[in-house]
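The values are calculated or read from the model by the stated rules, or taken from the named source; none is laboratory data. Every value quoted in this text rests on a predicted model; they were computed, and no experiment measured them. Don't worry about glycine lacking a Cβ; one is built from the backbone with ideal geometry, like all the others, and counts go over all protein chains shown.
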Amino acid sequence: MVEVRDGVLLLKEADAAAWEAYVTRHPQATLFHTLDWKQVVERTFGARPRYLMHLRQGKVTGVLPLFHVKSPLAGNALISVPYAVYGGILADDEAAARALGAEAASMAEAAAVDYLELRNLHETGSGWPVKSLYVTFMKPISADHDENMRAIPRKQRAMIRKAEKKGVTAEVADDLDAFFDIYSRSVHAHGTPVYPKSFFANIREALGDACRISFCRSPEGERVSTVMTFYFRDTVMPYFGGGLPQARALQAFDYMYWDVMRRAADAGCRCFDYGRSKVDTGSYRFKKHWGFEPIPLPYEYHLVRARNMPNVSPANPKYRLFIRMWRAMPYPVTRVLGPVVARHLA
């Protein structure tokens, strides 16, 4: 290990087992704190990792996964964790958390980045500026399918029943090509560039059985919606989802997420993580209709060269023209150009 200061060390390959053991046992850890996600980001985007560990008397007492990201959109930044919705410091106590935060800030200043961003799932009390653009949605689920169905509000239950009556079916299939085709068309319709296909291939390879791809089929047998779902400990997280235009009329999205919940409950999962959304967007309202309550995500920033917290969200008014132009472009063109642009959307 290479010590920086105050018990904080830079992660080396030989320390991987200690890192993973700590993340496995920490109650606030997420999939994005694992070294599997580190591998995905390195392989796909080539970002430079700066993973920090805190040790006390030879024992790991905290970790902070960081990447140095440079892009025209995200700027020059240290981010925990890029291409993910959660990150930030995991620590046993305030002293370890303070030491990791202080070292990350010093690292950011030494590198003269624009800012340091911690994508926290929980408030840390660091005193750094906090941006409240995003919320997440989590809810306990039961091993009993009927109990889970009753927990869904009546109108949304009706959507699931309608899909069943229309003959919509769901399946789990390891078909990355079909997933990418549907997903890339879906994000194009929303005016968003698609990540490179290698990103999803690397995720599937790194996570193995903890990554599953689901589809819904129309009564005619056409795949109309899809979602790539992650499993971490007792939590299931449908993460990358999309559908063709006809999916909405078939209520295929509702049926697809119900099927994910049902399969996860059978697999022993007890928490359903519906993921991040921007407040008052379509996905935000969809998740609330499922009976999930928004949980604010307190993303923290240590500003170095930047004067204000970054805002690379599609909700930023300065990106509205780009979104309209992207939607207007032919899909085959965006499928080629999208991965080039999306690499800069950390």
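All of MET309, MET228 fail the test of being hydrophobic (A, V, I, L, M, F, W, C) and either out of contact with any helix residue (DSSP H, G or I) (no Cβ under 7 Å at 6 or more places or on another chain) or modelled with pLDDT under 95 (or both), apart from MET309. Checked against the criterion of being assigned to a helix (DSSP H, G or I) and not β-branched (Val, Ile, Thr), the range 128-139 contains not a single residue that satisfies it.
Between PHE200, PHE179, PHE230, PHE215, which is in contact with an Asp or Glu (Cβ under 6 Å, 6 or more places away or on another chain) and assigned by TED's automatic domain parsing to the domain that holds PHE286? Step by step, each of PHE200, PHE179, PHE230, PHE215 is checked, and only PHE215 is in contact with an Asp or Glu (Cβ under 6 Å, 6 or more places away or on another chain) and assigned by TED's automatic domain parsing to the domain that holds PHE286.
Within the range 213-262, being assigned to a helix (DSSP H, G or I) and of a type in the set (Gly, Ala, Ser) holds for ALA247, ALA249, ALA252.
Checking ARG56, ARG98, ARG50 one by one, the residue that is more than 25 Å from PRO310 (Cβ to Cβ) and either in contact with a helix residue (DSSP H, G or I) (Cβ under 7 Å, 6 or more places away or on another chain) or not polar (S, T, N, Q) (or both) is ARG56 and no other. For the condition of a type in the set (A, V, I, L, M) and out of contact with any helix residue (DSSP H, G or I) (no Cβ under 6 Å at 6 or more places or on another chain), ALA158 qualifies. Only residues that are crowded, with 20+ Cβ neighbours inside 10 Å, charged (D, E, K, R) and either touching an Asp or Glu at 6+ places or on another chain (Cβ under 6 Å) or in a loop (DSSP other than H, G, I, E, B) (or both) were counted in the range 116-127, giving 1.
Being under 20 Å from the mean Cα position of the chain (by Cα), surrounded by fewer than 17 Cβ atoms within 10 Å (Cβ to Cβ) and not charged (D, E, K, R): is that true of LEU176 here? Here the answer is yes, as LEU176 does meet what is asked.
Taking (1) within 16 Å of the chain's Cα centre (by Cα); (2) surrounded by 15 or more Cβ atoms within 10 Å (Cβ to Cβ) in turn, VAL113 satisfies each apart from (1). Of everything in the range 32-46 that is of a type in the set (A, V, I, L, M) and crowded, with 21+ Cβ neighbours inside 10 Å, the residue that is nearest to ALA110 (Cα to Cα) is VAL41. Only a single item in (1) in a loop (DSSP other than H, G, I, E, B); (2) buried (at least 18 other Cβ atoms within 10 Å of the Cβ); (3) modelled with pLDDT under 95 is not met by ALA29, and it is number (3).
When the range 168-198 is filtered for residues that are among the polar types (S, T, N, Q) and outside any helix (DSSP H, G or I), the ones remaining, listed by number, are THR169, THR192.
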